[in-house]
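So the structure is just underneath, and the comments pick up after that.
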Amino acid sequence: MFYNLEDDDLCDELMNSAVRPYKLWFNDDNGYILQYDDLSFTWDNIPIDLRNKLNGRQKSLPKVKNITFGPRDTWWVSFQDDTARWSPRLPSHISKYLMKTVRLVLDPIDKDNYFIFKDNGNFIWQVNDDFDEDMKDNDENDDVCYIDPQSIRYTQTTIKDQFSNGHNIEDLCDDLEDGRTTVSDIPMINVVKTRSGNVWSLNNRRLWCFRHARNIDQIPVRIVDKRPSWFNRRIQQLKNPFYIRVRASSEETECQSELDDESDSDEYDW
């Protein structure tokens with residue numbers, strides 16, 4: 001964990017906490033919310049209505065997943081049960097889009113600007129003309145969407161514990177949790193989206209890292225049209241596509257399922 005803060009009280013909190021810090025959010029009024037590894041909170045100088053909402057959640061309700069601060073004491077908070085609440089002071093042209101939203105980005109200066117990630121991987125925004133042009137003209141991102149890695153299915157039953165260059169997948173997972181590596185540092189995984197709306201990964205080791213890093217709840221994925229030759233047969237045979245077993249390198253091929261022999265590759269190096 002690395003930080004550079006002017007708030008001495010917050011520095012002391014980070015250094016002396018018996019529980020490992022997990023997430024930290026700042027607002028535009030020198031306030032903050034610090035979430036710990038056990039999902040409990042401390043905070044300072046946050047809006048009263050948000051404080052009341054968090055007090056209730058710390059007792060018996062579903063835990064907080066993400067928080068966004070905007071200008072003029074506005075806020076949005078999502079919870080582990082996929083529900084969300086937001087400030088009544090948010091402009092109506094933003095709040096009308098907030099159902100089925102997994103993440104909201106607010107402009108700390110301009111109350112009318114926003115960027116919304118929807119639960120189907122699409123996004124809605126209002127920023128400025130330059131941003132509009134960047135989003136619309138960048139053909140490279142035409143087939144990219146943002147998805148919760150927990151909703152993406154594996155296409156194997158087992159994976160090796162190392163990438164092709166020998167780096168361990170658990171090390172990458174730890175680096176993601178500690179902030180030494182960010183999602184943007186890692187090449188996007190390729191996925192196939194079926195007619196039913198299910199999303200299947202073609203890069204299962206990277207997906208494993210994203211799913212097991214507890215601070216990752218959205219990743220960009222590239223939806224590909226061309227399916228591997230084994231794809232249709234594979235997804236019909238998988239009994240639990242949300243589970244995958246990590247096998248040690250010493251196990252090698254004798255413990256590899258016949259379902260995996262054509263797809264156990266991930267050329268990502270870091």
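Here's the yes/no breakdown for (1) touching a strand residue (DSSP E or B) at 6+ places or on another chain (Cβ under 8 Å); (2) modelled with pLDDT under 95; (3) under 22 Å from TYR22 (Cα atoms):
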position	(1), (2), (3)
ASN66	yes, yes, yes
ARG72	no, yes, no
SER78	yes, yes, yes
ASP81	no, yes, yes
ALA84	yes, yes, yes
LYS96	no, yes, no
THR101	yes, yes, no
VAL105	yes, yes, yes
ILE109	no, yes, no
- Item | Single unsatisfied condition, GLU177 versus (1) touching a Leu at 6+ places or on another chain (Cβ under 7 Å); (2) not assigned by TED's automatic domain parsing to the domain that holds TRP76 | (1)
- Task: Having 3 or more residues that are under 30 Å from TRP230 (Cα atoms) is the bar; report the strands (runs of 3 or more DSSP E) wholly within segment 91-180 that clear it.
- Result: 144-147, 158-160
- Residues of segment 178-188 satisfying the condition of being in contact with a strand residue (DSSP E or B) (Cβ under 9 Å, 6 or more places away or on another chain) and either among the aliphatic types (A, V, I, L, M) or crowded, with 16+ Cβ neighbours inside 10 Å (or both): VAL183, ILE186, MET188
- Regarding ASN240, is this residue polar (S, T, N, Q) and part of a helix (DSSP H, G or I)? no
- Of the conditions (1) loosely packed, with under 13 Cβ neighbours inside 10 Å; (2) in contact (Cβ under 8 Å) with a residue 12 or more places away in the chain, TRP43 clears all except one; give me its number. (1)
- Go through (1) assigned by TED's automatic domain parsing to the domain that holds GLU170; (2) modelled with pLDDT under 90; (3) loosely packed, with under 13 Cβ neighbours inside 10 Å and name the single condition ARG233 misses. (2)
- Message: What's the number of the only condition in (1) among the polar types (S, T, N, Q); (2) more than 22 Å from GLN35 (Cα to Cα); (3) in contact (Cβ under 8 Å) with a residue 12 or more places away in the chain that SER78 fails to meet?
- Response: (2)
- Task: Taking the residues in segment 189-227 that are exposed (fewer than 15 other Cβ atoms within 10 Å of the Cβ) and either in contact with a Lys or Arg (Cβ under 9 Å, 6 or more places away or on another chain) or β-branched (Val, Ile, Thr) (or both) as candidates, determine which candidate is modelled with the lowest pLDDT.
- Result: ASN215
- Message: Tell me whether segment 49-68 contains one or more residues that are within 20 Å of PRO91 (Cα to Cα) and part of a loop (DSSP other than H, G, I, E, B).
- Response: no
- Query: So which residues in segment 219-244 are aromatic (Phe, Trp, Tyr) and within 14 Å of LYS193 (Cβ to Cβ)?
  - Reply: PHE231
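The values are calculated or read from the model by the stated rules, or taken from the named source; none is laboratory data. Predicted, not measured: the structure shown is a model, and the values here were computed from it. Cβ: placed from backbone, ideal geometry, glycine included. Neighbour counts: every protein chain shown.
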